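**Student:** Just dropping this structure here.
None of the figures in this text is laboratory data; all of them are computed from the coordinates on show. Predicted model only: the values in this text are computed from it and were never measured. We place every Cβ from the backbone using ideal geometry, glycine too, and count neighbours over all the protein chains shown.
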């Protein structure tokens, strides 16, 4: 046993007895360190020369800075621009990656992804409806819900698509992948068409909001936005670990999961609501950021296996780190301008997705 | 005791099983036989609560439909005909899933070693680190049986018998492993548990079953001990095949029966 843990710790071979939990714990530890480094990198780098290290050191020691004006500027940049952006990146990266992993477990298929099968499109439709119609037809809704109207609309948009997809693609406990992907395409096309109608109705100011938002970006991060969507994402993420055992059992099929003592219907609804909440909240603030949900769990399954007890936390950590790195690229590659982060993740993620498809051809029953 | 009364199951408006009475006693291996499409698997799925049915199913005197999944999982484990996976689980990870909801019945500290012991029982020693998807069909079936065994490792828990439901447990196995698996089933019954198995091989059924339920177009054609049930008339009626029970082939034709196993 001691030898096996050492082999696992070295990360070189799978323990001979097929138990990958020791290796998974090491990977989770390493990913935590990686996330800490990514956060540090994101806080300290940017278009301005503000020193996050100095700001934090001053704050910790209570030292009075020599140049008060400069210190105030740096403080503003670090506190009000970089910190919310980093925090939002962490939340959304984790939400997207975990949502992908949960959805793949639910559909029993490694290609399921909220972005790919139309959940994000449904969320977008909900969000755009609020942006465009929020002052006219949907005024009562925005009045009643205030800043929560947008994330809630995104949530219900995503939820409707997920429920619809599940109902269409599942027959007698078997989810057909082909049906799921094709139905997802159709639903996404419909949602995008409806979104298009709304965009057609939008005025100039709304159009600017929409364009920026649709490409996907963390640039709009503010503390109030985090206050709105942060709790939703944190709650959804906190619920996910309770699904891990059930999702593991679900890998054997719905009937077998039930025979193993898992309340399958309850599991499915919790997962669907959780994913819709996390994706809806993410889409509401940052638009469509694709491929995190498919790339991250896939890489981790290769590294530590498909056990959701480890896969879900590891996905959260790696998703957060990757999104921060993508954001760093988005901020710096065309500096002083900024690339929408959705473009960065798509450019890196789409070829990766194709690679999975090619590698899996013949293994996955499409 | 498993007691089912007047079980009927309809799938897509078509009645697959109609008014079947069924019982399986602890300490016995109960076999369900019948031709293809006679409703064997459908009956088993009703008995395990996987398909909606009319009629009543009681496990140890308690109504199955009133049980929570985890309560049912403590009383019985179910082996499906085949299980495909879309994620790269190792054999050990699959077998361990048997411990997820129910209670194996061994001391808490021994649970961790149970997957290895179960794999050894089904003659898969040393397979724990292999990937499930890379195994042959027969090996996969035995991995699933090891998982099912983990779920109800102790045939009797707190004085109450537990049950194994096996849907064609030996259909893709070679003769050696057919005997190993059927011996596991018989051993489980001898130690106080109950076994319900769908079987196709009538010789194997005659050898291991204490009671046989014969299904024919969704209805019960006969029930009883192997000597009561397996006769020429029933086999001709149910299987539509004129066979003679106990007739030996011509001396020049070799035949091999499981009963001859040393």
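**Student:** Please check which bits of the stretch B:175-202 a label hung off residue B:1 would reach, taking the label as a point 7 Å along Cα-to-C-beta and the cut-off as backbone N under 15 Å.
**Tutor:** Answer for the stretch B:175-202: B:194.
**Student:** Could I ask something else about it? Would you mind getting the Kirkwood hydrodynamic radius of the stretch A:150-223 from its Cα pairs, rounded to one decimal in Å?
**Tutor:** 14.5
**Student:** Tell me, in nm to one decimal, what length is gained between residue B:232 and residue B:10 on full extension, where the rule is 0.36 nm per residue of separation less the Cα-Cα distance?
**Tutor:** Working it through step by step, the gained length comes to 76.8 nm.
**Student:** How far apart, in nanometres, would the label points at residue A:354 and residue B:259 be if each is projected 7 angstrom from Cα along the Cα-to-Cβ direction?
**Tutor:** Output for this residue pair reads 6.5 nm.
**Student:** Can you grab the distance from the C-alpha centre of the stretch A:72-111 to the C-alpha centre of the stretch B:42-85, Å, no decimals?
**Tutor:** The stretch A:72-111 and the stretch B:42-85 have Cα centres separated by 42 Å.
**Student:** Two-decimal Rg/Rh of chain B from alpha-carbon positions, Kirkwood Rh?
**Tutor:** Reported Rg/Rh (Cα atoms, Kirkwood Rh): 0.97.
**Student:** Could you work out, residue by residue across A:248-257, how many beta carbons of other chains sit within 10 Å of that residue's beta carbon, and then give the average as an integer?
**Tutor:** Neighbouring Cβ atoms belonging to other protein chains average 6 per residue here.
**Student:** Another one. At q = 0.09, 0.14, 0.15, 0.17 Å⁻¹, what is the base-10 log of I(q)/I(0) for the stretch A:85-360 according to the Debye formula with one equal point scatterer per Cα and no solvent? Please give it to two decimals.
**Tutor:** Once normalised to I(0) and log-transformed, intensities are -0.38, -0.94, -1.08, -1.37.
**Student:** Compute the whole-percent fraction of alpha carbon pairs in the stretch B:194-262 spaced more than 17 Å apart.
**Tutor:** Considering the stretch B:194-262, 48 percent of its Cα-Cα pairs are separated by more than 17 Å.
**Student:** Applying 1/(1 + (r/R0)^6) with R0 = 51 Å to the Cβ-Cβ distance of residue B:217 and residue A:269, what FRET efficiency is obtained, to the nearest 0.05?
**Tutor:** Here the calculated transfer efficiency is 0.85.
**Student:** Treat the protein assembly as shown as a sphere of radius equal to its Kirkwood radius over Cα pairs and apply Stokes-Einstein at 37 °C in a medium of 0.692 mPa s; give the translational diffusion coefficient in µm²/s, rounded to a whole number.
**Tutor:** D, rounded to a whole number, is 120 µm²/s.
**Student:** Could you work out how much longer the chain between residue A:44 and residue A:203 gets when fully extended? Use 0.36 nm per residue separation minus the Cα distance between them, nm to one decimal.
**Tutor:** Length difference between fully extended and current span is 53.4 nm.
**Student:** Moving on. Once all Cα-Cα distances of the stretch A:83-156 are split into 5 Å bins that start at 0, what whole-number percent is in each one?
**Tutor:** In order of increasing distance, the bins hold 3, 16, 17, 18, 17, 15, 9, 4, 1 percent.
**Student:** Can you tell me, using C-alpha contacts under 8 Å and at least 6 residues apart, the relative contact order of chain B as a whole percent?
**Tutor:** 26
**Student:** If contacts are Cα pairs under 8 angstrom and at least 6 residues apart, what is the relative contact order of chain A in percent?
**Tutor:** Dividing the mean separation by the residue count of chain A yields 28 percent.
**Student:** Work out the FRET efficiency for residue B:203 and residue B:160 from their Cβ-Cβ distance, taking R0 = 45 Å, and round it to the nearest 0.05.
**Tutor:** 0.85
**Student:** What ranking, highest mean first, results for peptides B:1-7, B:144-150, A:127-133 when packing means the other Cβ atoms within 10 Å averaged over each residue?
**Tutor:** Ranking, from highest mean packing down: B:144-150, A:127-133, B:1-7.
**Student:** So, R0 is 41 Å and r is the distance between the beta-carbons of residue A:145 and residue A:189; what FRET efficiency does that work out to, to 0.05?
**Tutor:** 0.90
**Student:** How big is D for the stretch A:243-324, in µm² s⁻¹ as a whole number, if Stokes-Einstein is applied with the Kirkwood radius of its Cα pairs at 37 °C and 0.692 mPa s?
**Tutor:** It diffuses with D of about 236 µm²/s by this estimate.
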